[in-house]
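Values quoted throughout were computed directly from the atomic coordinates according to the rules given, and no laboratory measurement underlies them. A quick note: this is a predicted structure, and the numbers were derived from the prediction, not measured. Neighbour counts run over all protein chains shown; Cβ positions are idealised from the backbone, glycine included.
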Amino acid sequence: MLHLLKIDLKKMTSYRTFWVICGLYFLTLGFTTASGMEILKWLASKGAEFGASININRVPLYHFPDIWQNLIWISGLFKIVLAVMVVISITNEYQYRTIRQNIIDGMSRWEFLQSKILTNVMLSLMSVLMILSIALFTGFIYTPKIEWDYFLVGSEFFVAYFLEIFAFLSYALMLGILVQRSGLTIVLLMLSHMIEAIIKLNIFRSSVEDQIGFLKQFFPLESITNLVPLPFARYAFQEIQDYVALTAVAIAIGWTVLFNYFAYLKLRKSDI
Amino acid sequence: METVLSIQKLTKNFGKLCAVNNLDLEVKKGQVFGMLGPNGSGKTTTLGMLMGVVNPTSGSFSWFGEPASHLTRKKIGAVLEHPIFYPYLSGQKNLELNAMIKGADPGNIPKVLETVELTARKDDKFRTYSLGMKQRLAIASALVSDPIILILDEPTNGLDPMGIAEIREIIKKIAADGKTIILASHLLDEVQKVCTHFAVLKRGTLMHTGPVDDVGKGEELVEVQAYHDDLGVLLQEFMGSASIKKENGLFQVMMKDGYHSKDLNRFLFDKGIVASHLATRKKSLEKQFLEILSDAGHHG
Ligand SMILES: Nc1ncnc2c1ncn2[C@@H]1O[C@H](COP(=O)(O)OP(=O)(O)OP(=O)(O)O)[C@@H](O)[C@H]1O
Ligand SMILES: [Mg+2]
């Protein structure tokens with residue numbers, strides 16, 4: 001297993017594009033999540049200039065335990081960057097035909113796929129670790145009084161976050177294996193949410209919405225989004241879902257398995 | 001002799017096109033096996049199936065009597081068609097990757113780089129290599145795992161004459177170690193020089209297979225020249241001549257069965273003529289190859 005991961009990493013670590021994209025991803029992810037409070041303070045000071053006073057301490061964005069879901073939801077927006085990297089990594093193998101030589105050299109097709117999946121796991125874990133450390137760091141800075149009893153409430157969102165990233169990267173990998181051309185795959189990846197939304201619009205017309213509306217959660221991209229619900233409405237005194245729904249996790253796991261299985265089916269059947 | 005590769009009824013269709021048709025073939029240990037055939041006759045497709053990148057439509061093959069798997073492939077060094085490498089990695093890094101996949105000792109890398117004379121350029125990116133250097137790196141990657149079988153598809157494509165001769169020497173050296181080599185090539189001269197056995201494919205069908213030594217057996221061609229004005233007419237009288245041609249100022253006499261060059265020599269001598277040139281020519285593989293293909297044309 002580790003050997004397969006090492007093989008894939010060896011391909012990437014001398015590849016400048018890999019460093020540029022991953023660097024961009026982790027830097028923007030880190031800066032955005034770490035500096036949210038400073039941005040808020042800045043907004044508040046600007047607001048004060050115009051006479052609209054915002055009390056930022058009323059908005060405990062960075063207070064334990066709110067911080068977990070808040071930061072994780074924001075971080076989820078950046079996963080597309082990582083997915084583009086995954087697409088480039090797999091479509092390169094087709095464009096340069098190196099997948100062919102890998103198989104000739106003695107990898108099985110399943111091992112080849114495994115090496116890519118393991119990299120996805122690693123990138124997902126790295127995202128989790130990064131957000132975990134930023135959340136801990138900023139949380140301790142900004143939380144006025146830490147209540148240890150509630151400290152860990154909502155930290156299960158990290159499991160959901162891992163799944164969110166990994167499921168999406170699995171989707172990107174499958175798309176790359178099915179389409180094989182980088183440009184087209186990236187466009188499809190970008191449009192995926194929109195395409196799914198249009199399909200849903202056409203199926204769930206208002207007349208049938210009541211009866212079959214619950215089926216929406218089974219759509220692949222929606223299932224990924226449902227893992228971490230939007231938290232910010234709570235600061236406008238609305239109810240939000242501040243826990244990870246087990247059905248959402250189950251559906252997302254189901255799709256993740258399917259994405260990788262479809263990739264395997266395609267890989268197994270095709271001439272390379 | 002131990003059978004290394006045994007192919008049974010191997011077939012590959014690309015849609016309506018039959019690229020390989022019911023191929024049966026055996027390769028034994030220590031053979032240097034040449035795969036010949038015109039463009040598009042199915043050589044690369046066959047090798048692709050053997051190396052697991054093309055899924056056979058039907059039929060099967062086994063390495064060492066066992067069904068093929070990716071583990072057997074690790075023991076084979078193979079280059080099919082073009083050299084394939086990561087363009088953004090250096091030659092050295094590419095070979096390290098090959099070694100990792102094959103489970104080979106990376107300590108072999110300096111040795112194989114030396115063999116193909118790429119040591120000086122090993123840290124340059126593959127993208128910057130010339131065609132011949134890419135081809136050399138491909139051969140290096142096939143050798144890196146110290147394989148017991150070597151599969152080379154047009155290995156000398158793009159090499160300079162010195163490179164071609166070097167590859168020939170490498171192949172001969174590896175064959176001398178008792179290793180088995182399968183070689184697809186259009187350079188019939190090269191095949192005749194290095195191969196022990198050969199097979200000819202035409203539109204996916206096996207037309208011929210046998211030892212290279214058998215080429216031209218049974219028929220003897222004698223080249224002769226003498227200072228005599230009517231040598232051509234005279235040669236017609238010789239009992240042993242089946243046919244006579246004049247090429248490059250020399251007469252080429254195809255001998256009937258049982259007649260040899262010494263009989264022709266004696267005949268001329270008895271006529272009071274002394275030959276200034278007398279040589280037995282073996283039929284070239286090229287000639288035999290063209291015959292096999294044109295025979296096939298008559299039948300089908
Ligand atoms: N992926 C493919 N899809 C469709 N047809 C293919 C494919 N690969 C090969 N073919 C066809 O199969 C036939 C055999 O091709 P192959 O490459 O095996 O020939 P070859 O003997 O290696 O020829 P060459 O001497 O030119 O290298 C050709 O007619 C070719 O067009
Ligand atoms: Mg070919």
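Here is how the numbers come out for the structure above:
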item	result
Matching residues in the stretch B:1-47 - criterion: being more than 23 Å from residue B:66 (Cα to Cα), assigned to a loop (DSSP other than H, G, I, E, B) and more than 16 Å from ligand 2 (Cβ to nearest atom)	B:15, B:16
Per-region count, the stretch B:204-234, residues buried (at least 16 other Cβ atoms within 10 Å of the Cβ), assigned to a helix (DSSP H, G or I) and free of Cβ contacts under 8 Å to residues at least 60 places away in the same chain	2
Tally, over the stretch B:48-62, of residues that are of a type outside the set (A, V, I, L, M, F, W, C), over 15 Å from residue B:72 (Cα atoms) and within 16 Å of ligand 2 (Cβ to nearest atom)	0
Residues of the stretch B:53-63 satisfying the condition of being more than 22 Å from the chain's Cα centre (by Cα) and more than 8 Å from chain A (Cβ to nearest Cβ)	B:56, B:57, B:58, B:59, B:60
Qualifying residue in the stretch A:261-268 (condition: touching a Pro at 6+ places or on another chain (Cβ under 7 Å) and either of a type in the set (A, V, I, L, M, F, W, C) or closer than 30 Å to residue A:102 by Cβ (or both))	no
Residue count for the stretch A:89-109, restricted to those that are more than 9 Å from chain B (Cβ to nearest Cβ) and surrounded by fewer than 21 Cβ atoms within 10 Å (Cβ to Cβ)	2
Selection count, the stretch B:134-168, where residues are farther than 17 Å from residue B:63 by Cβ and of a type in the set (A, V, I, L, M)	11
Unique match (being in contact (Cβ under 8 Å) with a residue 40 or more places away in the chain, under 30 Å from residue A:155 (Cβ atoms) and touching a Leu at 6+ places or on another chain (Cβ under 8 Å)) among A:227, A:267, A:221	A:227
Meets criteria (within 14 Å of another protein chain (Cβ to nearest Cβ), out of contact with any helix residue (DSSP H, G or I) (no Cβ under 6 Å at 6 or more places or on another chain) and closer than 24 Å to residue B:194 by Cα) for residue B:161	no
Residue ranges of strands (runs of 3 or more DSSP E) in the stretch B:136-203 with at least 1 members within 25 Å of residue B:74 (Cβ to Cβ) and within 16 Å of ligand 1 (Cβ to nearest atom)	B:149-153, B:180-184
Tally, over the stretch B:64-87, of residues that are in a loop (DSSP other than H, G, I, E, B), buried (at least 20 other Cβ atoms within 10 Å of the Cβ) and facing another protein chain (nearest Cβ under 8 Å)	4
Residue match in the stretch B:88-105 (condition: more than 14 Å from chain A (Cβ to nearest Cβ), over 15 Å from residue A:102 (Cβ atoms), away from ligand 1 (no atom under 16 Å from the Cβ) and not basic (Lys, Arg))	yes
Unique residue being in contact (Cβ under 8 Å) with a residue 40 or more places away in the chain and either in contact with a helix residue (DSSP H, G or I) (Cβ under 8 Å, 6 or more places away or on another chain) or over 27 Å from residue A:226 (Cβ atoms) (or both) when the list is A:139, A:47, A:106	A:139
Residues that are acidic (Asp, Glu) and either within 23 Å of the chain's Cα centre (by Cα) or within 16 Å of ligand 2 (Cβ to nearest atom) (or both), drawn from the stretch B:65-116	B:81
Subset of the stretch A:171-204 [in contact (Cβ under 8 Å) with a residue 24 or more places away in the chain and not in a helix (DSSP H, G or I)]	A:180, A:181
Breaking point among (1) crowded, with 23+ Cβ neighbours inside 10 Å; (2) of a type in the set (Ser, Thr, Tyr); (3) within 14 Å of chain A (Cβ to nearest Cβ), for residue B:145	(1)
Any chance residue B:45 is within 16 Å of ligand 1 (Cβ to nearest atom), within 12 Å of chain A (Cβ to nearest Cβ) and in contact with a strand residue (DSSP E or B) (Cβ under 9 Å, 6 or more places away or on another chain)	yes
